[in-house]
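Colleague: The following block contains the structure, expressed as structure tokens.
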Amino acid sequence: MTSAADGTVAQYQSWEVEEFRALEEPYYVPVSDEVELFRSAWESKVPVLLKGPTGCGKTRFVEYMAYHLNRPTFVERDGEQVIEEESNLPLVTVACHEDLTASDLVGRYLLEGEETVWIDGPLTRAVKAGAICYLDEVVEARKDTTVLIHPLTDHRRILPIEKKSQLLQARDGFLLVISFNPGYQSALKDLKQSTRQRFISIEFDYPPRETEAAIVAHESGVDMDVATNLAKMAEKVRNLREHGLSEGASTRLLIYAGKLMQRGITPRRACQVSVAWALTDDRDVQRSIEEVISSIFE
Amino acid sequence: MTDTPERVREALAAFPPSLQQEFDGAHAALSDVLSPPELRAWADDGVDIARHSLRSWEAASEYFRASPGMLEQLTFGRFQEWTKTGHGLVESSPALAGAYFRASPSALKYLSVTQAPDWAEQGRSLYKGTWKSGSLAAQYFEVSPAVLPQLPLNQMRLLVELIDSLAGHSYELASACLNMSPGVLEQLDRPDRAPFLEFGSVVSSTAWVDARVFFERGPGLVRHVHPQQRARFLALSGRVALGVGRLGHPYFMEASQALAEIDRDGHREMLELSEGLVPTSGIAAMEFIKSAPEVLRRLRPEDLPRWQAAGREILGSSPEGGEAFFRLESSKGEDIIEALSSRVELERVSELIRMYCKALTGTDVAVHSAETLTEKGVGWVDESSPTTEGTAIYLPPIVEQYLEKDENFAVYKVFATHQAARLEFGSFAFDYARPGHLFQRAARDDAEPGAADGAEAITAMEHFFDGFEDRRLAHDIFTIVEDTRIDTMVKREYAGIRRPMSRLQEAALERRRPLEEMPVRQAMIENLLRASLDETMQLHWPQELHELMQRPLTILRRIRDTGATVEDSGAATRVLYDWIRQVPNVELEDADWSEMTAPADDEEMIDVGPQGGGEGAPESYQPNLPHGEEQPYESPDPIDFRGDFKPELVQLLMKLKNQQMGEGDTPPVQLTKEQLQELLEKSTEINITEMSEGDLDESTGMFLDNLMKEVEQALQQAAQQQQGKPGEGSDDDEDSGEPLPEVPESFYYDEWDFRASDYKPRWCRVQEMHLEHGDREYYERTLTEHAQLVAETRRQFEQLKPEMFRKIKRLPDGDDYDLDAVIEWIVERKAHAASETKLYYRRNKVERDVAVAFLLDMSASTDEEITKHQPNSAPASGDNFDDDPRKYLSWWAQKRAQESRNPAKRIIDLEKEAAVLLMEALETIGDTYGVYGFSGYGRDNVEFYVIKDMDEQFSDGVKERLDKVSPVRSTRMGPAIRHCIYKLRETGAKVKILVLLSDGRPQDHGYGRDRTEKEYAIHDTKMALTEARREGMTPFCLTVDRAGHDYLKQMCEDMGYEVVGDIESLPRRLPTLYRRLTQ
């Protein structure tokens, strides 16, 4: 969590975590009424839970929504608040892992010289900035994170910062969005009811063949015929779910395959590396998928 | 000078009178043949013989009797040489000489007189001075006249040597064989006789007891071999027998039987290849021949040398390994055959194809061999056609059309894809009332005159076919149209399959019968079928009837359009039927055959509305129909890759299943047997006579039974899928009827052959089954009995439960500062000492993810009691019953009761008690565990009993099963361990432990070279344990066999094991060990 170097021209772009926002409209094809649902939820400060398999567009959807939801933005920088013009919402994304603790989200003291300095964690910064905070795969995080989520997600909209003995009221615009993949988490890692029932839940699944083909074509640049074949193949492979395959082939993988094809890799090979081998290590299942691939692609 | 006869008679008077009679007879015959001096010499010789010793008069008698005959063949000089030879034999044994003289007249027909001494000498060589040898030698002379025509004298020596060698073991056997020899030799071709005897000699020297069998069956066995290769085969067998001793003859028998199964023209090469192995291993050479029929079922003959070469190479480095290779008991061998073989076996690819079809159809479709469907007897009869009955795809068991494996696999793929496509694209979803996309309606408002009205139809398909008078024609057309639709859909949707599919289509086209032989209507159907295989193909068709064919082709082309449904196929069938039906099925004579193609797309709208079709031919065209005598119509030959198509039957089956399950949109109508029977009779899809012979009524009844059975089975499967695994039915659904007897699930495992350093592929069959339920009491009683121990172990185990989090200090980053570290750091900084910045701590979650499998030895030996009860101790002296019988009786009754409560403990009881304690303890800690027992007999029958499965909840059922643990049979540990490995692997736990609890070394029938061999079993067990380790499991062996140290040391070389010395401490010991293992 280093701050951006002032005055130096960097070869790379860097943002304060709460300042990051999409510059161009993220590509997203709505499948159903999820856009309206999300907008209404944000307007009425109702937290959102996104359910669905990996690679079906949950993250992209959040980015898309963040881009389209507008409000005046305040950014805290060097202790002062800077008001920026009305713009789309910043988006703070945290990928949760099993060692992610509450202090990773809220912040901690760091040593600087002989003093300790408090550094805000991403959730704190999102709360202050009024950003969308997106906790990806939230069940993976440790249980103590729920302590933070609960007061933030009900009417209070408060983030307790235990170590500083502070309570932080969330700024307008702040919305907690979590994602959850019911497919492969074991029963142990289910979301607790008390947590679940603080969110409205939008279910995602892989888009229908035509939509998916359009997405793949757009994202990877392959023509519609190839994209349709990719989508068809994915549909077939998804039939093998619960069958040595915990997850079906994601749209993301199809896009990868498409990109490889655009670079001149043969379709069969591209699908083999980006779908068959990516999905599983089981030789038999790989073979089956490869047979599906070789049936669809010449 | 005395008259010769008189003098001789006098001399012979000392002997029995018969001798004199013989002399007189011979003398009378010879007096004209011989000159007087010769006659005298002749007579003197006879007298000499007679006088030689006690019984030699008998030989003399034979001499006289044989003489006239001999002198017809010989000059007197030669005759005397013959006599001299006989005289010589008298020296050995008069009986021998007698036999010699007796046999000579007939034997010498086949010998030159110069050979006679040699012949006699061979006989004499059999004589060893004993009575038995004498009679054997005499027998030699007796059989000579029968043998000599078949065997030249120099080869006769072989027979004599053989007999002589047998005589060394048993005169009876030698004599029996000698007696058989003329018959035996007669059965053999002349050039084979010497080799036969040579091999016989080897047999008699290596395994003399087999000689009789060899004589009895040998000639027949040799006949299995190509005539020109027989000598070679015998020589080969001989060479091998010299090396392998007693096994030589059995190998000879088995090898010749194997050769009988192989095409004779291949024998030469086969033997050549086998000979190439002899220098290294005779066993391998014979095993090679023995396995050849099996191998040739999987390999082409051209590949055999490569297979042999691969084996020879292994043989070079390890004889045992090579022999196992040729015995087909080696995994390497399997791999090589698999690699060399171009054919594809369904068994090997069925799982792959199943998943492939599942992916395509999105349903849980099963894949089986077509044979299994024909066995069900529900209408399908072709064992080699791919087909489907709606829920599963059936494929031929092997495919070997092409020389390349990949191509053969591609054939399977096309087969499977076509059948899957029938499911995917709804061939069986035909709905009578639903309109198609391209054509208007399949339904016919007006049934063809003469056809059934179809109102009573059970299925839509039946209803549809009911509308046609010629049901078979309609069915044939529908099959062609629907297959065209399916093929087109497949090619459109699955571009990758186009090439292999086109190849099969071309191949199918090449095999079609010539059109010219068919009557017109049949030829039209045939042409339609050809067009369905290749739309661009040039059709062969009479010039004058081009227009007649044009329309059907146009219709068929339309079905290839995007969006065609099965109802469109139905509608197209109707139009085609009406069109084709008007064509008489007559022979075409003098037709002007020419080529035609299907018309290019004309935009003619084929409207099949009620008014569009109408009856008979459309008005626009009145073809000039041929005339002639109506011929019987035959369905076109089926197309291999499309397989059987029985939509009517499939719909019926689906309907029956749905109705039974109470599903489906229609309210369940009970189908009557009559309805089914009617369907059966009219449907062209079922041919009862093809399915079974015999009474039609009976067959029909059987078919209906089978059909219902099939439906029942489907129901049960569906029910089981809902309930979870079979055999685990919980108490609450017991009322759903009698549970089915559990069918053991079979698993196959390799077995390690340490001699060959290779696995024997799929060697053992493990049959997994649940133990039956016993008394729950047992479990509870054990707990009460060991209440204290239970409490103790439970306490110990509770301590095992990990703390949820453990604080890890001195990290560069973490949850928070570790205050001690910070203070230290500040101090060091103040002292300008180098400072360490690892100041954080983190709480790490400690997870316990343990799965353990307990494997209990249930072999018969666990039946042994360990603590003998004290002998019925009489009441101690302190007891005083005061001679009161009632008191004594009550004491006695008490004692009996106690005894029955605590019978003598057996090893198995302690195993069970240990298991009870452990299960109780494990429940507190929450580890995944399974308890299994194993026993069995032989490699095909390793019984694996589930007491508690890994993923099963601990329940009363488990307690009841534990009660039934009892000693059964043998101990084949390897496969049981391998099955446990499989079970553990399935759990996916981080820590996996396998505990084997046994009472002795592994042993089983065939678990080793012979009964006494222990090495093999130990090595296999060791390898199984090593496999467990390779999978990241911790195997541990626990035995109560005091002699366990010696073999456990070898078996568990670097793995944990323990010999529990004090057997009774087992229940206490096991939990302790478990803790140690998992910590």
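The values are calculated or read from the model by the stated rules, or taken from the named source; none is laboratory data. Keep in mind that this is a model prediction, so the values were computed, not measured. Using ideal geometry, Cβ is built from the backbone for each residue, glycine included, and neighbour counts are taken over all protein chains shown. Keep in mind that these areas ignore ligands, DNA and RNA; they rest on the heavy atoms of the full protein, side chains included. Shrake-Rupley method; radii C 1.70, N 1.55, O 1.52, S 1.80 Å.
Colleague: Say R0 is 35 Å: what FRET efficiency, to the nearest 0.05, do B:Val827 and A:His97 get from their beta-carbon distance?
Modeller: Between B:Val827 and A:His97 the formula returns 0.50.
Colleague: Another question about this same structure. Got a number for the accessible area of A:Trp15? Probe 1.4 Å, square angstrom, nearest 10.
Modeller: Roll a 1.4 Å probe over it and A:Trp15 shows about 110 Å².
Colleague: Here's something else I'd like to know. Please list, in order, the residues from region B:97-117 whose amide nitrogen is less than 18 Å from a point placed 7 Å along the Cα→Cβ vector of B:Lys84.
Modeller: Under 18 Å, as judged by backbone N against the label point of B:Lys84, lie B:101, B:112-117 of region B:97-117.
Colleague: Let me confirm one metric for peptide A:284-297, namely the mean number of other chain beta-carbon atoms within 10 Å of its residues' beta-carbons.
Modeller: Partner-chain Cβ atoms within 10 Å, mean over residues of A:284-297: 6.
Colleague: Could you give log10 I(q)/I(0) at q = 0.10 Å⁻¹ for chain B, computed by the Debye formula over C-alpha point scatterers of equal weight, without solvent?
Modeller: Evaluating at q = 0.10 Å⁻¹ gives log10 I(q)/I(0) of -1.22.
Colleague: Keeping all protein chains in the complex and leaving out DNA, RNA and ligands, what accessible area do you get for B:Ser56 with a 1.4 Å probe, in Å² to the nearest 10?
Modeller: The accessible area comes out at roughly 0 Å².
Colleague: Then there's this: Note down the accessible area of B:Val991, probe 1.4 Å, to the nearest 10 Å².
Modeller: 60 Å²
Colleague: Could you work out how far the C-alpha centroid of region B:311-348 sits from that of region B:176-234, in angstrom?
Modeller: Value for the Cα centre distance between the two parts: 32 Å.
Colleague: Considering just Cα atoms, how many Å³ per residue does the convex hull of chain A enclose?
Modeller: Taking the convex hull of the Cα positions in chain A, it is 162 Å³ per residue.
Colleague: Could I ask something else about it? Hey, what angle do you get for helix A:34-43 against the long axis of chain A, alpha-carbon based, 0 to 90 degrees rounded to 10?
Modeller: 0 degrees
Colleague: Using the alpha-carbon centroid of each, what span in Å lies between region B:967-1043 and region A:123-137?
Modeller: Using only Cα atoms to place each centre, the spacing works out to 56 Å.
Colleague: So if each residue of separation counts as 0.36 nm, and I subtract the Cα-Cα distance between B:Met180 and B:Gln228, what length gain in nm does that give?
Modeller: This chain segment gains 14.8 nm when fully extended.
Colleague: Now a separate question. What trypsin sites (Lys or Arg not before Pro) in region B:478-524 are in a loop by DSSP, with at most 13 other Cβ atoms within 10 Å of the Cβ?
Modeller: Sparse-neighbourhood loop trypsin sites (Lys or Arg not before Pro): B:Arg511.
Colleague: For B:Val586, which sequence-distant residues (separation of 5 or more, or a different chain) have an amide H within less than 5 Å of its own amide H, given hydrogens modelled in the peptide plane?
Modeller: Close amide H contacts, sequence-distant or interchain: B:Val520, B:Arg521, B:Gln631.
Colleague: In nm², what is the average projected area of the convex hull enclosing the Cα atoms of region B:993-1079?
Modeller: Projected over every direction and averaged, the Cα hull of region B:993-1079 covers 5.9 nm².
Colleague: What is the sum of charges around B:Ala416, taking Lys and Arg as +1, Asp and Glu as -1, for the other residues whose C-beta is under 10 Å from the C-beta of B:Ala416?
Modeller: Residues close to B:Ala416 contribute a combined charge of +1.
Colleague: For the pair B:Leu328/A:Lys192, report the inter-label distance in nm, with labels modelled 7 Å from Cα in the Cβ direction.
Modeller: Using points 7 Å along Cα→Cβ, the separation is 6.3 nm.
Colleague: Is there a quick way to get the dipole size of region B:903-964? I mean about its Cα centre, with the Cβ of Lys and Arg at +1 and of Asp and Glu at -1; what is the value in debye to the nearest 20?
Modeller: In total the dipole reaches around 320 debye.
Colleague: Another question about this same structure. Counting only other chains, what is the mean number of Cβ atoms within 10 angstrom of the Cβ of each residue in peptide B:490-497?
Modeller: Per-residue shielding by partner chains comes out at 5.
Colleague: Could you list the GluC sites (Glu not before Pro) in region A:32-72 that lie in coil according to DSSP, counting only those with at most 11 other Cβ atoms within 10 Å of their Cβ?
Modeller: For GluC sites (Glu not before Pro) across region A:32-72 that sit outside H, G, I, E and B with at most 11 neighbouring Cβ atoms in 10 Å, the list is empty.
Colleague: If you don't mind, there's one more thing I want to ask. Could I have the simple spin-label model distance between A:Ser32 and B:Glu338, label points 7 Å from Cα toward Cβ, reported in nm to one decimal?
Modeller: Label-label distance for A:Ser32 and B:Glu338, simple model: 4.5 nm.
Colleague: Going from the alpha-carbon gyration tensor of the protein assembly as shown, what semi-axes, largest first and in whole Å, does one get by taking the root of 5 times each eigenvalue?
Modeller: 82, 54, 32
Colleague: Right, something else. Through the Karplus equation 6.51 cos²θ - 1.76 cosθ + 1.60, θ set to phi - 60°, convert the phi angles of region A:222-230 into ³J(HN,Hα) values in whole Hz; use x for Gly and Pro.
Modeller: Working through the residues one at a time gives 6, 6, 4, 4, 4, 4, 5, 5, 4 Hz.
Colleague: Run the reach check for B:Lys673 against lysines, Cα to Cα strictly under 22 Å, same-chain hits fewer than 8 apart removed. What comes back?
Modeller: B:Lys376, B:Lys646, B:Lys655, B:Lys657, B:Lys682, B:Lys709
Colleague: State, to one decimal in nm, how far the label point of A:Lys143 lies from the label point of B:Ser112, with both points 7 Å from Cα in the Cβ direction.
Modeller: Using points 7 Å along Cα→Cβ, the separation is 11.1 nm.
Colleague: Then there's this: Just to confirm my numbers, what's the Cα centroid distance between region B:919-933 and region B:38-74 in Å?
Modeller: Taking the Cα centre of each part, region B:919-933 and region B:38-74 sit 99 Å apart.
Colleague: Counting only other chains, what is the mean number of Cβ atoms within 10 angstrom of the Cβ of each residue in peptide B:200-212?
Modeller: Mean shielding by partner chains, rounded to a whole number: 0.
Colleague: Taking every DSSP beta bridge with both residues inside the protein assembly as shown, roughly what % is antiparallel (nearest 5)?
Modeller: The antiparallel fraction comes to roughly 50 percent.
Colleague: Quote the FRET efficiency, to the nearest 0.05, computed for A:Leu111 versus B:Arg348 with a Förster distance R0 of 56 Å and r equal to the Cβ-Cβ distance.
Modeller: Calculated value: 0.30.
Colleague: A further question follows. For region B:464-511, which GluC sites (Glu not before Pro) are both in a DSSP coil and crowded by at most 16 other Cβ atoms within 10 Å?
Modeller: B:Glu469
Colleague: Can you tell me the relative contact order of chain B? Whole percent, Cα pairs under 8 Å, sequence separation 6 or more.
Modeller: So the answer I get is 7 percent.
Colleague: A further question follows. Can you give the FRET efficiency to the nearest 0.05 for A:Lys163 and A:Arg39, using r as the Cβ-Cβ distance and R₀ = 41 Å?
Modeller: It comes to 0.70.
Colleague: In addition: Need the list of lysines near B:Lys838 for cross-linking: C-alpha distance under 28 angstrom, and skip anything on the same chain fewer than eight residues off.
Modeller: A:Lys143, A:Lys163, A:Lys164, B:Lys807, B:Lys809, B:Lys830
Colleague: Among all the lysines, which ones have a C-alpha under 28 Å from B:Lys1022's C-alpha, if same-chain residues fewer than 8 places away are not counted?
Modeller: B:Lys332, B:Lys760, B:Lys912, B:Lys948, B:Lys983, B:Lys990, B:Lys992, B:Lys1014, B:Lys1049
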